[in-house]
Amino acid sequence: MTVTTDPKEDLNGKEPSQVIEDNDDGEDDVAEIDPAGTGDAKKKKKKKKSKKKKAEQSDPPRIGLSKLFPTNVYPEGELQPYKDDNSWRTTSEEKRYLEKLANEDPQTTYQNIRRAAEVHRQVRAHARKHIKPGMSMIDIVENIENGTRSLVEENGLESGVGFPTGVSINNCAAHYTPNAGDTTILKQGDVLKVDFGVHVKGRILDSAFTLTFDHTYDKLLESVKDATNTGVREAGIDVRLGELGGYIQETMESYEVEVGGKILPVKTIQNLSGHSIGLYNIHGGKSVMQIKTDDMTKMEEGEYFAIETFGSTGRGHVVDSGDCSHYAKIVDAPRVPLRLTSAKSLLKSIDKNFGTLPFCRRYLDRAGETKYLLALNHLVQQGIVQDYPPLCDQLGSMTAQFEHTILLRPTVKEVVSRGDDY
């Protein structure tokens, strides 16, 4: 379509200047009007401004989220409305106002946990695609942690890794990450739990999944994923933790696994649990058991929880086993005199690099610490640092884990770690 102007037409006293002609070539024709009406008007090409290309994540993921989300507004998690006696919260003006205040406060804003969640989704998408039998455990965790540090744009205690990457295999359910020199290789028949965290200003995103490389234990994974989703669905403000554990147990233990022609019941691992998450504190004080208990403690508005479940083909009970790799400074650690100079120095390094965030021996290596095991054990003995050894069920059994972080907002429950994968 071409828009033209009659040179004799009244132009309200203004000088005739330009009219735009549409072309199909992606450019605009600008026709200069000849005031004398001689028909000698010339056309000039007006180039359109080129649009900026949207930034895309690299493979492996190493581009910081600030480049992908320049407005610092990050995707909201899955929203689940509260049920029953709390359904009124969805439309409450008072609760909406409280939520608005919380999100606008730099200390309580939901953008921190959403930023951490988006880092987790992008890093785990690459990990789920690329983890294969034959890889060393060191390579697996370093790829995940390098991606996490890059995407969250690690900055001291402002943002970084939330806790050591767990890659527990088979009967080992939790708290295994390789120490330096570990030569363990992932095998075809392994059941691998991948549990890693991201934090932004101390707000920790905690989420985990399980991988297998044949179909033998598909039902085990299905049962645990279903149990975790049950826990997420039934969680909410005023829900009693003892009752929530019963829903999780009922779901998980409704499954069976056939292995070598033998039917094995899936058991909840009764001495593992989910937990509330505090600021710079991965275990915030409340436990979400996987079995029905008499615990009358309620979930409360504004709290963050890690809903994680573990299933096993074994006893359904774990014990400490193997070399310890996970540690964390206790939040309310006592102030006690340290007789070892090396322990004093190590504690300063822990305070500087991790605060009360969990760490592992590889992270101490990365921070430049050497010959620290004696000092580290002394801090544990003095009740300043807590050690977390690997937790394993009986040999020959297989364990699986799935986990999500949820936020109990005033108006709605947000499953912040939810993705297209799980």
When every residue in segment 83-142 that is touching a Leu at 6+ places or on another chain (Cβ under 8 Å) and of a type in the set (D, E, K, R) is compared, the one least open to solvent (accessible area, probe 1.4 Å) is Glu118
Segment 143-165, residues that are outside any helix (DSSP H, G or I), open to solvent by 10 Å² or more (accessible area, probe 1.4 Å) and touching a strand residue (DSSP E or B) at 6+ places or on another chain (Cβ under 8 Å): Glu153, Glu154, Glu158, Val161, Phe163
Quickly run through segment 327-365 and pick out the residues that are open to solvent by 20 Å² or more (accessible area, probe 1.4 Å) and in a strand (DSSP E or B). Lys329
Residue match in segment 67-79 (condition: closer than 24 Å to Val200 by Cβ and among the hydroxyl-bearing types (Ser, Thr, Tyr)): yes
May I ask you to list pairs of residues, at least six apart or on different chains, whose Cβ atoms are under 7 Å apart, with the first in segment 186-203 being surrounded by fewer than 18 Cβ atoms within 10 Å (Cβ to Cβ) and the second being in a loop (DSSP other than H, G, I, E, B) and modelled with pLDDT under 95? Gln188/Asp214; Gly189/Asp214
Of the conditions (1) open to solvent by 30 Å² or more (accessible area, probe 1.4 Å); (2) in contact with a helix residue (DSSP H, G or I) (Cβ under 6 Å, 6 or more places away or on another chain); (3) closer than 30 Å to Asn112 by Cβ, His175 satisfies every one except a single condition; which number is it? (2)
Would you check which residues across segment 371-422 are in a loop (DSSP other than H, G, I, E, B), in contact (Cβ under 8 Å) with a residue 60 or more places away in the chain, open to solvent by 20 Å² or more (accessible area, probe 1.4 Å) and under 30 Å from Leu347 (Cβ atoms) and list them? Pro389
Count of residues meeting criterion [part of a helix (DSSP H, G or I) and of a type in the set (A, V, I, L, M)] in segment 245-268: 2
For Asp294, state whether it is open to solvent by 20 Å² or more (accessible area, probe 1.4 Å), in contact (Cβ under 8 Å) with a residue 24 or more places away in the chain, touching a helix residue (DSSP H, G or I) at 6+ places or on another chain (Cβ under 6 Å) and of a type outside the set (Lys, Arg). yes
Ser207 fails exactly one of the following numbered conditions: (1) open to solvent by 10 Å² or more (accessible area, probe 1.4 Å); (2) modelled with pLDDT of 95 or more. What is the number of that condition? (1)
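The values are calculated or read from the model by the stated rules, or taken from the named source; none is laboratory data. Please read all numbers here as calculations on a predicted model, not as lab measurements. Heads up, the Cβs are rebuilt from the backbone with ideal geometry, glycines too, and the neighbour counts pull from every protein chain shown. Remember, those area values only see protein heavy atoms, side chains included, never the ligands or the DNA or RNA. Shrake-Rupley method; radii C 1.70, N 1.55, O 1.52, S 1.80 Å.
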